[in-house]
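Working notes for the structure below.
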Amino acid sequence: MTVTIYHNPDCGTSRNTLAMIRANGEEPVVIEYLRTPPSRARLLELIAAMAIPVRGLLREKGTPYAELGLADTRWTDAQLLAHPILINRPIVETPKGTRLCRPSETVLEILPNPDIGPFIKEDGERVTNPR
């Protein structure tokens, strides 16, 4: 099975998600999206696969979202996709689906064996499979 994670190693949620994938026994394709940003077409594919609006992919915290005034509805979807730093993360693709994995345990919905046992996030929160 191929698992791909659009990852930011500076993000705790992204690191936790990557660790959960590995605890599942998968070694994913890791795309550090700030170094290798997905094309606009690829982003649109991911958004469609997640069935979310473009604005649902935007990260506000720690980005120039407010400075750029992106909350204003005058911005088109194409304009909103112009800055890779605004992509919320992590995005994970598996044969079972594509998800924006916030919170990180969302990844369990699309892993082949979601029972990874008890998992402790970086902040000490204990996660068990919600199924």
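How much accessible area per residue does the chain have, in Å², with a 1.4 Å probe?
Value returned for the chain: 53 Å² of accessible area per residue.
Under a GNM of the chain (C-alpha, springs under 10 Å), which listed residue has the highest mean-square fluctuation: Ala19, Ala78, Ala48?
Of the options given, Ala78 has the highest mean-square fluctuation.
Calculate how steeply helix 40-50 sits against the longest principal axis of the alpha-carbon atoms of the chain, using the helix alpha-carbon long axis, and give the answer as 0 to 90 degrees to the nearest 10.
50 degrees
Carbon and sulfur atoms: what percent of the 1.4 Å accessible area of the range 14-114 do they account for? It would help to have the intermediate numbers written out before the result.
Working: 2720 of 5120 Å².
Carbon and sulfur atoms account for 53 percent of the accessible area of the range 14-114.
Which of these, Val29, Val92, Val107, has the largest mean-square fluctuation under a Gaussian network model of the chain (Cα springs below 10 Å)?
Checking each option, the largest mean-square fluctuation is seen for Val29.
Any idea how far apart Ile85 and Arg102 come out in nm if each label point goes 7 Å out from Cα toward Cβ?
Taking the simple label geometry, Ile85 and Arg102 are separated by 1.6 nm.
Return the sequence-ordered ³J(HN,Hα) values of the range 61-75 in whole Hz as given by the Karplus equation 6.51 cos²θ - 1.76 cosθ + 1.60 applied to θ = phi - 60°, using x for Gly and Pro.
5, x, 9, x, 3, 5, 4, 7, x, 6, 6, 5, 6, 6, 6
Using a 7 Å offset from the Cα along the Cα-to-Cβ direction at both Ala71 and Glu122, what is the distance between the two label points in nm, to one decimal?
According to this spin-label approximation, the distance is 2.7 nm.
Just to be sure I understand the curve: with the Debye formula and one point per C-alpha of the range 62-131, what is log10 I(q)/I(0) at q = 0.15, 0.19, 0.22, 0.25 Å⁻¹?
For the requested q values the scattering log ratios are -0.67, -0.84, -0.95, -1.08.
The values are calculated or read from the model by the stated rules, or taken from the named source; none is laboratory data. None of these values were measured; they are calculated from a predicted model. We place every Cβ from the backbone using ideal geometry, glycine too, and count neighbours over all the protein chains shown. Remember, those area values only see protein heavy atoms, side chains included, never the ligands or the DNA or RNA. Shrake-Rupley method; radii C 1.70, N 1.55, O 1.52, S 1.80 Å.
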